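The values are calculated or read from the model by the stated rules, or taken from the named source; none is laboratory data. Computed from a predicted model, the values in this text were never measured in an experiment. With ideal geometry, Cβ positions are generated from the backbone for all residues, glycine too; neighbour counts draw on all protein chains shown.
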Amino acid sequence: MGATLSNLTENPNGAGAAAGPGLGDIPESCVACVFMNLTPPEICNLARLNRAFRGAASSDSVWEAKLPPNYQHLLSLLSPLERYEGLSKKAIFAVLSRSVPFDDEGNKVVWLDRVTGGVCMAVSAKAMVITGIDDRRYWSWVPTEESRFHVIAFLQQIWWFEVEGVVRFPFPAGVYTLLFRLHLGKFSRRLGRRVSNFEQTHGWEKKPVTFELSTSDGQQASCDYCLDDPDSDDGNTNHKRGCWIDYKVGEFVVSNSEPMTDVRFSMKQIDCTHSKGGLCVDAVYIIPRDLRKRR
């Protein structure tokens, strides 16, 4: 697209001929108005065309429209804050597009989606309350590059399974989707290839797991998922094993970022008639509903 448009800035009649109007003649303010309706990646691509486009692509008015209304709160999470004072709105967008921790341990992070500018959040299993997590007979922490937090919780075996957590955050107005990211089976790398082991995977086909969420303003959602389907497991066809799956718990609506919204979430299977194991718990993700549709 950029290469095609750049041709309009060249003289169509060759050197020495009277030059006609081109993209270089468009006022920077007009280009900025157009950029208001484009996504950040599109703006950055068009900035390479000419000086007017480059200037408009650096305009604070353009990038402030891409930032959430409470971006100042997100900026206050950065440390040291003085390092980011005086940044342009474009630079602020770039900084907030990276993971910004908002707890002391770095187990809860927030960032802006680079296309929509929507506020996204991830909560590590480390920040959740997990039944039996301190007993190595049941759970273990496994380091991995497949997690945003570089560590996951792996369940060997347990009878009473319960994982729950809570976040308090000034979400901008919008509709958000909450998801648990889970993996059935233990994975590793062997001879440079990813392999999964299902020796400890059992019990998830007997009864479904209940997922729930609730908010401080009374919104609630719940659903049940059967995490395993051994009847379809012929070595390749069981799509529930050996890969990360995002389980959608539900949606909640935020009408105003003040006061802050408390979001509680959980997953449980507390039927003690059978044991279950072989499950990896990575994180909970909270993302704008429109982003979920795009993914």
| field | Members of the stretch 51-86 found to be buried (at least 19 other Cβ atoms within 10 Å of the Cβ), out of contact with any Phe, Trp or Tyr (no Cβ under 7 Å at 6 or more places or on another chain) and either among the β-branched types (Val, Ile, Thr) or not in a loop (DSSP other than H, G, I, E, B) (or both), listed by number | value | Ala52, Phe53, Tyr71, Leu74
| request: Identify, from the list Lys248, Lys207, the residue that is of a type in the set (D, E, K, R) and in a loop (DSSP other than H, G, I, E, B). | output: Lys207
| said: Can you tell me how many residues within the stretch 106-152 are part of a loop (DSSP other than H, G, I, E, B) and either touching a helix residue (DSSP H, G or I) at 6+ places or on another chain (Cβ under 7 Å) or on the phi > 0 side of the Ramachandran plot (or both)? | reply: 11
| remark: Output for Cβ contacts, cut-off 7 Å, separation at least six or different chains, first residue under 20 Å from Leu184 (Cβ atoms) and in contact (Cβ under 8 Å) with a residue 60 or more places away in the chain in the stretch 201-216, second polar (S, T, N, Q) and surrounded by 17 or more Cβ atoms within 10 Å (Cβ to Cβ), reads Lys207/Gln269; Val209/Gln269
| request: Take the residues in the stretch 130-143 that are among the β-branched types (Val, Ile, Thr) and closer than 12 Å to Val281 by Cα, then tell me which one is surrounded by the fewest Cβ atoms within 10 Å (Cβ to Cβ). | output: Val142
| query | In the set Val195, Val249, Val209, which member is hydrophobic (A, V, I, L, M, F, W, C), under 21 Å from the mean Cα position of the chain (by Cα) and either in the same structural domain as Thr144 (by TED's automatic domain parsing) or under 23 Å from Ile158 (Cβ atoms) (or both)? | reply | Val249
| task | Consider Val95 carefully, then state whether it is outside any helix (DSSP H, G or I) and of a type in the set (A, V, I, L, M). | result | no
| Is it the case that the stretch 181-198 has a residue that's out of contact with any Cys (no Cβ under 6 Å at 6 or more places or on another chain), under 30 Å from Gly117 (Cβ atoms) and surrounded by 18 or more Cβ atoms within 10 Å (Cβ to Cβ)? | yes
| query | Hey, among Val95, Val123, Val166, which residue is surrounded by fewer than 20 Cβ atoms within 10 Å (Cβ to Cβ), in the same structural domain as Gln220 (by TED's automatic domain parsing) and β-branched (Val, Ile, Thr)? | reply | Val166
| task | Might you let me know whether the stretch 141-155 holds any residue that is assigned by TED's automatic domain parsing to the domain that holds Ser124, in contact with a Ser or Thr (Cβ under 9 Å, 6 or more places away or on another chain) and over 27 Å from Glu105 (Cβ atoms)? | result | no
| Checking Arg48 against (1) assigned to a loop (DSSP other than H, G, I, E, B); (2) modelled with pLDDT of 90 or more; (3) of a type in the set (D, E, K, R), which single condition isn't satisfied? | (2)
